[in-house]
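Values quoted throughout were computed directly from the atomic coordinates according to the rules given, and no laboratory measurement underlies them. The structure presented is a predicted model; accordingly, all values stated were derived computationally and were not measured. Positions of Cβ are generated from backbone atoms using ideal geometry, with glycine treated the same way; all protein chains shown enter the neighbour counts.
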Amino acid sequence: MAPEQIRSVILDILSRIAPDEDLSDLDDSVPFREQMELDSMDFLDIVMELRKLYRVQIPEEDYGELVTMDSTVTYLTPLLKDAESTV
Amino acid sequence: MTYDSIIIGAGLSGLAAGIRLAYYGKRVCILERHTTIGGLNSFYRLRGRNHDVGLHAITNYSPPGGKRGPLNKILRQLRFSWEDFDLSPQFGSSVVFPGHTLRFNNEFAYFEAEIAAQFPSQIDGFRRLVAEIDSHNIGDLGQTWISARARMAEHISDPLLINMLLCPLMFYGSPSEHDMDFNQFVIMFRSIYQEGFARPYKGVRLILKNLVKKFKSLGGELKLRAGVQQLVTDGKHVSGVVLDDGQVLEAKNVLSSAGSAETLQLCGADVPVDDRFTPGEISFVETISVLDQQPAEFGHDETIVFYNDSEDFYYEQSKNPVDVRSGIICSPNNFQYDQPLEEGSIRITALANPGYWMNLPEDEYIEAKKYWYDQILESSLRFIPDFRPHVIDVDTFTPRTIKKFTGHINGCVYGAPRKILDGTTPFDNLFLCGTDQGFLGIIGSMLSGISIANLHLLNAK
């Protein structure tokens, strides 16, 4: 997947976690935590959704890479380069 | 065939845990002894009318668009949208003690102003207490029992205010007499005073039915009339369950919402004694009066009234069959629905003596319910206009009813005094959720199932 597609995948996961949230004005450089009040339970869910969808394992020490959309896409790009988008 | 997880009990916590597990592809089966779902928060039909079992109000209210707090957390975790619970906020509630009435609604500032007006010498201390509550971490699973009364007394010197603050929190969630664990106090304080009350127009069945629908759509199995009579163990590890009909089901792990002592009883006689698993002793009698008009028509527009007829507040197992000195008056009509409920009703709840109700012969039991219904209503008329001429149907349930339909020892609705916050048991793959894990109320029980499923059954980390 290209970075653009990975961004769509993350948006799709976020919209499943928070269906009432308007994600159209999400700022890719601002932490999810600040914009959506995501807590540690929600971050675990992002990790688990990625594992469910793409069998990608994200070790706990890397959770810090999932702070913003920008950092998440950068982190996932090499891990998902061979994966097919499901979105 | 071996399940990944078997869940004992199709109440709110078991169903919520089941959704989490099924969502992430686990083979999961929920077993419920009763003929219907809900557990301590079930619903039933009697003489053509729908009743909720335990629900007065759903606590932890958050308006649409909210992001914080337990309600939003469980909506996210269960992939529901806010509309799925159809919550209408309360009109307003009160705590009534001799000489003082403290009103509260879903705006905390209103409650704070009430306290400032009625207890001016205490308001600074109250604000310090609130600051302590705000900074407390309820997610710390390693904490031990701390006296809420002692913590409150560090900031508030008037025992009457302490009792008034505790009254709704104890009535809606304390498994222990006279005092609460501070962590439980914080959970309850936030859920009732800082977040507030709401109710779905159709009652708790709406939430339960949405949970079941989601659970099944994700491939989860739900078996009703499937009581667990025994857990199959080797003393350290659980390999499955034996149902009431003798059928054996195997599972890699078991999550039980049956209660802590109740669950250990299922493990057989050779379980080591553990005083954390001691059943509670607090239970209630509840009267439901169906009316020929809405309560507002005879001048009662409050949602919940918590009353107590002296400055001292005795939250304890009743010495009499029912303790009529205090109680809770709930009107399911008094929420901000788009249209009024079809019929008026008033529910009144009071502390009870479980032993008395359990041991009555059947014929005396029916008579005793009638007698104490009258006593409870008479006592409550000090706090609500006399609605007795409007009563067209009645039902009363007791600790015996609760034991019969939920299996909880002593008919304890709030479970054991000692909570097992991390959900662990002496068995390495047997876990607890629900009342005895420690999150309380409708939203809390779902959060309990979610938290324990995440922590132990999803291998999230």
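At a 10 angstrom cut-off on C-beta neighbours, averaged per residue, how do the peptides B:104-111, B:272-279, B:287-294 rank from highest to lowest?
Packing order, densest peptide first, comes out as B:287-294, B:104-111, B:272-279.
Using only atoms on other chains, find how many Cβ atoms lie within 10 Å of each Cβ of peptide B:74-81 and report the average.
The shielding value for this peptide is 4.
Give the share of C-alpha pairs in each 10 angstrom bin for the range B:16-70, from 0 to the last occupied bin, in whole percents, shortest bins first.
17, 29, 37, 16, 0
Scan around B:Thr303 for amide H atoms under 5 Å from its own, H built in the peptide plane at 1.01 Å from N, and keep only partners 5 or more places away or cross-chain.
Amide H neighbours of B:Thr303, under 5 Å, 5+ apart: B:Phe91, B:Gly92, B:Ser93.
Nearest 20 debye, what's the magnitude of the dipole of the range A:3-80 about its Cα centre given +1 on Lys and Arg Cβ and -1 on Asp and Glu Cβ?
Its charge dipole is roughly 500 debye.
Given the convex hull over the Cα atoms of chain A, what projected area results after averaging over all orientations, in nm²?
Value for chain A: 5.1 nm².
Can you tell me the FRET efficiency between B:Lys202 and B:Ile366 if r is taken as the Cβ-Cβ distance and R0 is 25 Å, rounded to the nearest 0.05?
Calculated value: 0.25.
To the nearest whole number, what is the average tally of beta carbon atoms from other chains within 10 Å of the beta carbons of peptide A:50-57?
Per residue, the number of nearby Cβ atoms from other chains is 1 on average.
Name the residues whose placed amide hydrogens come within less than 5 Å of the amide hydrogen of B:Asp393, ignoring near sequence neighbours (fewer than 5 apart) on the same chain.
Distant-sequence amide H within range of B:Asp393: B:Val290.
Which of B:Ile443, B:Ile37 comes first, and how do the rest follow, when ranked by fewest Cβ neighbours within 10 Å?
The order, fewest Cβ neighbours first, is B:Ile37, B:Ile443.
Rounded to the nearest 0.05, what FRET efficiency do B:Asp386 and B:Ser81 give with R0 = 41 Å and r taken as the Cβ-Cβ distance? Could you check?
0.45
With +1 on each Lys and Arg Cβ and -1 on each Asp and Glu Cβ, how big is the dipole of the protein assembly as shown about its Cα centre, in debye rounded to the nearest 20?
1320 debye
Scale the Cα Rg of the range B:392-449 by the rule-of-thumb value 2.2 N^0.38 Å and send over the ratio, two decimals.
1.36
Can you list, bin by bin at 10 Å, the percent of alpha carbon pairs in the range B:217-367, starting at 0?
9, 23, 22, 26, 17, 4, 0
Rounded to the nearest 0.05, what FRET efficiency do B:Gln229 and A:Thr77 give with R0 = 60 Å and r taken as the Cβ-Cβ distance? Could you check?
E between B:Gln229 and A:Thr77, to the nearest 0.05, is 0.65.
Quick one: if you stick a label point 7 Å off each Cα along the C-beta vector at B:Ser239 and A:Glu84, how many nm between them?
Going by the 7 Å Cα→Cβ label model, 4.2 nm.
Find how many whole Å separate the alpha carbon centroid of the range B:161-200 from the alpha carbon centroid of the range B:76-132.
Rounded to whole Å, the Cα centres lie 11 Å apart.
What whole-number distance in Å separates the alpha-carbon centres of the range A:19-47 and the range B:365-394?
With the range A:19-47 and the range B:365-394 each reduced to a Cα centre, they are spaced 51 Å.
Anyone know which of A:Leu14, A:Leu44, A:Leu76 comes out most mobile in the 10 Å Cα GNM of chain A?
Most flexible of the set in this elastic network: A:Leu44.
Ignore the peptide's own chain and count Cβ atoms of other chains within 10 Å of each Cβ in A:38-49; give me the average, rounded.
Other-chain Cβ atoms within 10 Å of each residue's Cβ, averaged: 4.
Could you calculate the contour length gain from B:Gln247 to B:Ala153, that is, 0.36 nm times the residue separation minus the distance between their Cα atoms, to one decimal place in nm?
Result for the pair: 28.4 nm of gain on full extension.
Taking the Cα of A:Arg16, stepping 7 Å toward and past its beta carbon, and measuring to each backbone N in the range B:193-231: which are under 13 Å?
Correct set: B:218.
Determine the dipole magnitude for the range B:143-204: charges of +1 sit on the beta-carbon of Lys and Arg, -1 on that of Asp and Glu, nothing else is charged, the reference point is the Cα centre, and the result goes in debye to the nearest 20.
The dipole of the range B:143-204 has a size of about 320 debye.
What list of ³J(HN,Hα) values in whole Hz, one per residue of the range B:435-448 in order, does the Karplus curve 6.51 cos²θ - 1.76 cosθ + 1.60 (θ = phi - 60°) give from phi, with Gly and Pro shown as x?
Each residue's phi maps through the Karplus curve to give 3, 8, 7, x, 7, 10, x, 5, 5, x, 5, 5, 4, 4 Hz.
Using a Gaussian network model of chain A with C-alpha springs under 10 Å, which one of A:Ser15, A:Ser24, A:Ser71 is most mobile by mean-square fluctuation?
A:Ser24
Show the residues, 5+ positions off or on another chain, whose built amide H is closer than 5 Å to the amide H of B:Ser345.
Amide H to amide H, under 5 Å and 5 or more residues apart or across chains, B:Ser345 pairs with B:Leu291, B:Asn333.
Short version: ³J(HN,Hα) in whole Hz for each residue of the range A:75-82, in order, from phi by Karplus 6.51 cos²θ - 1.76 cosθ + 1.60 (θ = phi - 60°), x for Gly and Pro, what are they?
5, 7, 3, x, 5, 10, 5, 9
Put +1 on the Cβ of each Lys and Arg and -1 on the Cβ of each Asp and Glu in chain B; which of B:Val305, B:Leu264, B:Gly196 then has its Cα farthest toward the positive end of the dipole?
B:Leu264
For a 28 Å ceiling on Cα separation, which of these pairs sit above it: B:Lys319/B:Lys403; A:Lys52/B:Lys73; B:Lys209/B:Lys369; B:Lys209/B:Lys319; B:Lys213/B:Lys369?
B:Lys209/B:Lys369; B:Lys209/B:Lys319; B:Lys213/B:Lys369
Counting alpha carbon pairs within less than 8 Å and at least 6 residues apart, what relative contact order, in whole percent, applies to the range A:3-80?
This gives 41 percent for the range A:3-80.
Dividing the convex hull volume of the Cα atoms of chain B by its residue count, what figure in Å³ per residue is obtained?
Per residue, the Cα convex hull of chain B comes to 144 Å³.
Identify, among B:Gly92, B:Gly125, B:Gly69, the residue whose Cα sits farthest towards the positive end of the charge dipole of the range B:1-160, taking +1 on the Cβ of Lys and Arg and -1 on the Cβ of Asp and Glu, with the dipole about the Cα centre.
It is B:Gly69.
Output the peptides B:67-79, B:151-163 sorted from most to least packed, where packing is the average of other Cβ atoms within 10 Å over each peptide's residues.
Per-residue mean Cβ counts within 10 Å order the peptides as B:67-79, B:151-163.
In sequence order, what are the phi-derived ³J(HN,Hα) couplings for the range B:251-264 according to the Karplus relation 6.51 cos²θ - 1.76 cosθ + 1.60 with θ = phi - 60°, rounded to whole Hz, with x for glycine and proline?
Couplings: 8, 6, 8, 10, 10, 10, 10, 6, x, 6, 5, 4, 5, 5 Hz.
Averaged over every viewing direction, what's the projected area of the C-alpha convex hull for the protein assembly as shown? Give it in nm², one decimal, please.
Averaged projected area of the protein assembly as shown's Cα convex hull equals 26.3 nm².
Determine, for each peptide in B:444-457, B:399-412, the mean count of other beta carbons within 10 angstrom over its residues, then list the peptides with the highest first.
Highest to lowest by the protection proxy: B:444-457, B:399-412.
Report the semi-axes of the equivalent ellipsoid for the range B:113-262 in whole Å, largest first, where each axis is √(5λ) for an eigenvalue λ of the Cα gyration tensor.
42, 21, 13
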